[in-house]
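In what follows, a single structure is set out as structure tokens and then discussed.
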Amino acid sequence: MNTDSRRYVIVIFFIVVAVIYGTRLFYMQVIDESWTLRAQEIAEKRVLIVPPRGIVKDRNGKKIVVNKTYYNLMMVEKNIKNFDTVAFAKLIGWTPERVKYRFKEIVHDEGYDKDPVTKKRTVPRYQKMRAYAFVKEMTTDEMHAIAPYLVKFPGFYEEITSMRSYPYANAANILGYVSEVNAEEVAADRFYRSGDNIGRAGIERFYESDLRGRKGIHYVVTSAMNNAIKPYANGKYDTTALQGPVLNLSVDIELQAYGEKLMQNKRGCIVAIEPSTGEILSMVSAPTFDPNLFVGRRSTSANYPRLSLDPAKPLYPRPLQAEYPPGSIFKLLQSVIALQEGVIDVNTGFPCNKSLVGCHNHPNARNIMEAVQMSCNPYYYQAVRRVIQGGRKKGLYADAEAGLELWSKYMHSFGLGHALETDIPGVRGGLIPDPNYYDNLFPSKKRPYGHHRWAFSTIRSISIGQGEVKVTPLQMANIAALIANRGWFYTPHLVKSVGKKGPLPIYKKKNYSMAKAVHFDPIIEGMRRVVNENGGTARRARIQDIVVCGKTGTAQNPQGEDHSVFIAFAPMDNPKIAISVYVENAGAGGSWAAPIASLIIEKYLTNKITDPEKEKRILEANLLNVVKKGK
Amino acid sequence: MSRNQSLTSNVDWGLLIVFFLMLIMGVANVYSVAYNEEAPNIFDFSQKYGKQILWVGFSLFLGLLVFLIDSDIYRKFAIPIYLFCIVLLIVVLGMPAKNGAHAWLGIGSLGIQPAEFAKIGTAIALGSYINSVNVKQQNVTTVLLANAIMLIPMVLILLQPDAGSFLVFTSFLFVMYREGLTYDPIILKLVNQIPGIKFKSTWLGSHFIPILFVVVFLSVITLLMSNNVLTFEFWPGLEIPGFIGVILTLIIISLVSYVILRWISARRDKRRVTFIVLIGFLMASLISTSVNFGFQGLASHQKERIELFLGLREDPDVDDYNRNRAMAAVGSGGLSGKGYRNASLSSVESNHVPESETDFIFCPLAEEWGFFGSIVVVVLFLFMLLRIVAIAERQKSRFTRVYAYSVAMIIFIHFAVNIGMNIGFAPVIGIPLPFFSYGGSSMMSFSMMMFILLKLDSQRNTVLS
């Protein structure tokens, strides 16, 4: 038998297999994309690089919010081998039980998905391949102590992270704080991943989209152990992380610190604004707290309950949210409206008729300057009645309605009755009553006065800044700025510039009030007299060589002692600072609020205090416990 | 026999060049896959590439020795060589197991796998035996004896156990087939028992071996492709069930092989080629169809067992891990690859493809060089195999011919199974890719195999028997 031809069987076999393999390789490598996708799934990873948050500087370039390095002790369960719970617990200074509990906690914190079969939320989102922070926010010292021993615990490694730090322990109410995002925030904004930080309050929250910066995306080749080995395609597709821009605040941190010091052991606020720009120089909320208390989870959870339960409410942002009756400072605006409406002129005088409304003993005001200087209640009762009951409509009630309508428009044009668009969350608007308010809402929604059922006599207390009128300290400071500018203001704001960009566009727009500039001059003269002439109510606000214009207020408070109120600006010509000071339950405006304001003004304008006695008196005063009226 | 011939006269340069090309590509590939940034020198002997260069050097030294020794020695000492190999295979069973198999002989990291060298010993012994048998006198005894020469080392290897090497030894079935030592005598003996039947030969008995291989090969491919959970995306956007994909693939392969065969065959054979390809296609389709539908008809537990063996049932991230990763690596290479030392899946550092420097060495090559690189390797192997067949067929000595066919078939099985498991055409069986895989034993045994062949061939004119 000749078997030579069998060589062809073998040759064909070789050729056919080679052709099959060649075809298959061509199909797998050139035509079919699915293996490429599979390879990407296996070996390529998108790594998000979270940049440190943008830092914050004060108006003089001092860093007031910076980032400090911390460490997370990370864990990848898949890589954990021969885990010695006791030794590990000893290393990190925990009990073994706490270590075991922490494992369960991590799984639990990730949440659960619905099981497609049982429809119950039983499938954990936790993945053994993924890295989780086992211990968060360790300081450099804490991490250095354990880092050399981590090699004994495969699956655990250190990860560098950054957290906020506040070199000045001030301005907590302005700065706000950051904390980890929750599940809803992750779901709402694709930017965030579990473990990221988000601004929670203050400018941290308002400027969150700037401060958080831009995350970088690095594509890396990973090993089977899920470690990154090298950049994918030499980093061709990577984007770099960009730290958020520097936020330049208008706040002067030294002034802020001084204000907080003056307000120690008191409840109330100081708001100082630069009238020519609307920049907020200082915004003190007393009592306050050290912003460093809210850095990191451990510190926050230790301090938050204590501060939130404090009866003095240190977490309450008073300058933005406390809606106080303005008291006599309101008379400044009433004067301007009356002058603008022509119901009085500069030289109009009214007798101090105490049968209309109570007043202190003083000579009759012969003109508007004296009315401001002496803060005569009956004067304003009569002047405002002329505004409200202006004879615009027939009938007492319809006339009052038209008058109040006009009056409330004036007040709105002064930045009252609605929230100012200041760049911080939680700004409240106070209250300026309008006809609708008395028709439908006051005294209660259920039983309001009703349409055409009220007239000036019903609502007369608004003429002296009492009753239904509510104004926040921020609005009061803005009134001071408005008067200093003689009729216009820039919306008060906290941020001068975001990186190289200037303030937000709305802060470059002048807001004109409905009153002409000329009508402010007599008011300002009156304010000068309040401080600088005998018979004025704010002699304690006097400063050597600086002409301070101010107005005191003593806001009646049904709950306790009167609030001490003072607004001012200085110097009289070319004003540099406008200020409001509100001290709760401190009595007359001239006694506490006025000297505090003058100290701030002097500090800001000259950076020194000429009257140490005045300062000492304020610093030593404890007005926290004066709640009930002494009478 | 002229002793004054130079060492290089009558050497088959074609085969030698392909051999050296593969060695160079192999070392370059090991350097790429096992590259260590801290030891970038390719001659750093603490690294796998350094060691591989040592092995290549040592193998070439062995080759030089082989060339210095008269090839008569293999004929004369065929039996002692074979027995020595058998002894080694027995001794190795007493050695401590490494990775679950008693396959390594030696101390520490320096060790050899006797199974690698047993291939040479068996080839020599088989050549020697077949050389002594007159084909025309083939009978049950000669068939059984030839099979015994093959089966003894196979059984010993199965005891290690080493399924890969066991599979490689089936190469000798083809060699025996080529030499006419088929199972025909046994089948005749059985068939002719039936009264009234007196066959001289049966077609099935004579061609049992290649038919068996074709059936097994096609069955495995059919099952792997048609039972895939995914539909078979024949062309982007055109998704078709797996089985139709198999048939379409067969049509394409038939057309491609038809063109190639028409091109290489002599003019008088051209019509035969048409016939053979057509018959081959019909047979293959028939087998695929029956395997496919036969498989569908199996009971579920039987199906499950087959699927488990083929690695079809598993979660790609757990049980079918190796093959899935390997295929992803190969498939992601694209047309021109990711670039030298740029394998993202199959580098040792990334370690997604396990054993990527040994059993899965084809992965980094395909991933880094793409289809161009892969097809070069396939073509080089095909060239080598056809070259060896051509060498075999020009021998006067039947010993050398048997030996040459043994070498061709051994390399072929290694090639087919190794690359097959990288492209999803074979279950994962751990055998190296000749001249490419990292490792001393396979490098030395394949080189020696090659040099002995070259030496035998170079002395083809001086040998009579």
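List every DSSP H helix in chain A whose Cα atoms extend 24 Å or more along the helix's own long axis and whose mean Kyte-Doolittle hydropathy is at least -0.5.
Helices meeting the span and hydropathy rule in chain A are A:6-26, A:396-413.
Students often check this: by mean Cβ neighbours within 10 Å, which of B:410-420, A:62-72 ranks highest, and how do the rest follow?
So the order, starting with the most tightly packed, is B:410-420, A:62-72.
If a paramagnetic tag sat 7 Å from the Cα of A:LYS62 along the Cα-Cβ line, which residues of region A:256-300 would have the backbone N under 11 Å from that point?
A:256-259
Which order do the peptides A:365-373, B:352-360, B:335-343, B:187-195 take when ranked by the mean count of other beta-carbon atoms within 10 Å per residue, highest first?
Those peptides, ordered most packed to least, come out B:352-360, A:365-373, B:335-343, B:187-195.
Considering Cα pairs under 8 angstrom that are at least six residues apart, work out the relative contact order of chain A and quote it in whole percent.
13 percent
Can you compute the FRET efficiency between B:SER201 and B:LEU21 using 1/(1 + (r/R0)^6), with r the Cβ-Cβ distance and R0 = 45 Å? Round to the nearest 0.05.
The formula returns an efficiency of 0.60 here.
Please work out the FRET efficiency for the pair B:LYS189 and A:LYS114, using the Cβ-Cβ distance as r and a Förster radius of 60 Å; give the result to the nearest 0.05.
It comes to 0.30.
All other residues with a Cβ under 11 Å from the Cβ of A:GLU180 taken together, and with Lys, Arg as +1 and Asp, Glu as -1, what is their net charge?
Value of the local net charge: 0.
Over all residues in B:340-351, what is the mean tally of Cβ atoms on other chains that come within 10 Å of each residue's Cβ?
5
How shielded is B:323-336 by partner chains, expressed as the average number of their Cβ atoms within 10 Å of its Cβ atoms?
Mean number of neighbouring Cβ atoms from other chains: 6.
Please compute the length gained on full extension between A:VAL346 and A:LYS78, using 0.36 nm multiplied by the number of residues separating them and subtracting their Cα-Cα distance.
88.1 nm
Determine the shielding of peptide B:359-367 by partner chains: average, over its residues, the number of Cβ atoms on other chains within 10 angstrom of each Cβ.
1
Report the paramagnetic label zone for A:THR69: residues of region A:127-144 whose backbone N is under 14 Å from a point 7 Å from Cα along the Cα-to-Cβ axis.
Label zone hits: A:138-144.
By counting other Cβ atoms within 10 Å of each Cβ, how are B:LEU64, A:LEU320 ranked from fewest to most?
Ascending number of Cβ neighbours within 10 Å: B:LEU64, A:LEU320.
Could you work out the Rg to Rh ratio of region A:60-162, with Rh taken as the Kirkwood radius (inverse of the mean 1/r over all Cα pairs)?
Taking Rg over the Kirkwood Rh, I get 1.10.
When only C-alpha pairs under 8 Å and at least 6 residues apart count, what is the relative contact order of chain B, in percent?
24 percent
For A:LEU624 and A:SER308 in the same chain, what is the full-extension length gain: residue separation times 0.36 nm, less their Cα-Cα distance, in nm?
Result: 112.0 nm gained on full extension.
What FRET efficiency do you get for A:ARG298 and B:HIS301 if R0 is 45 Å and r is their Cβ-Cβ distance, rounded to the nearest 0.05?
In this case the efficiency is close to 0.20.
For the cross-link pairs A:LYS57/A:LYS608; A:LYS236/B:LYS51; A:LYS394/A:LYS470; A:LYS128/A:LYS152; A:LYS331/A:LYS510; A:LYS62/A:LYS576, which exceed 26 Å when the distance is taken from alpha carbon to alpha carbon?
Going by Cα-Cα distance, A:LYS236/B:LYS51; A:LYS394/A:LYS470 fall outside the 26 Å limit.
Relative contact order, percent, of region B:62-217 when contacts are C-alpha pairs under 8 Å separated by at least 6 residues?
In percent, rounded to a whole number, it is 19.
In nm, give the distance between the simple-model label positions of B:VAL215 and A:ASN234, each being 7 Å from the Cα along the Cα-to-Cβ direction.
For the pair B:VAL215/A:ASN234, the computed spacing is 5.6 nm.
How far apart, in nm, are two points set 7 Å out from the Cα along the Cα-to-Cβ line at B:ASP44 and at B:ASN461?
With each label point 7 Å from Cα toward Cβ, the separation is 5.0 nm.
Tell me, in nm to one decimal, what length is gained between A:SER355 and A:HIS144 on full extension, where the rule is 0.36 nm per residue of separation less the Cα-Cα distance?
So the chain would gain 68.2 nm between A:SER355 and A:HIS144.
Work out the P(r) tail for the protein assembly as shown: percent of alpha carbon pairs separated by more than 44 Å, whole number.
Value for the protein assembly as shown: 58 percent of Cα pairs lie more than 44 Å apart.
FYI, it's all coordinate maths here, none of it is from the lab. All figures in this text were calculated on a predicted structure; none of them were measured in a lab. As a convention, Cβ positions derive from the backbone with ideal geometry for all residues, glycine included, and neighbour counts pool all protein chains shown.
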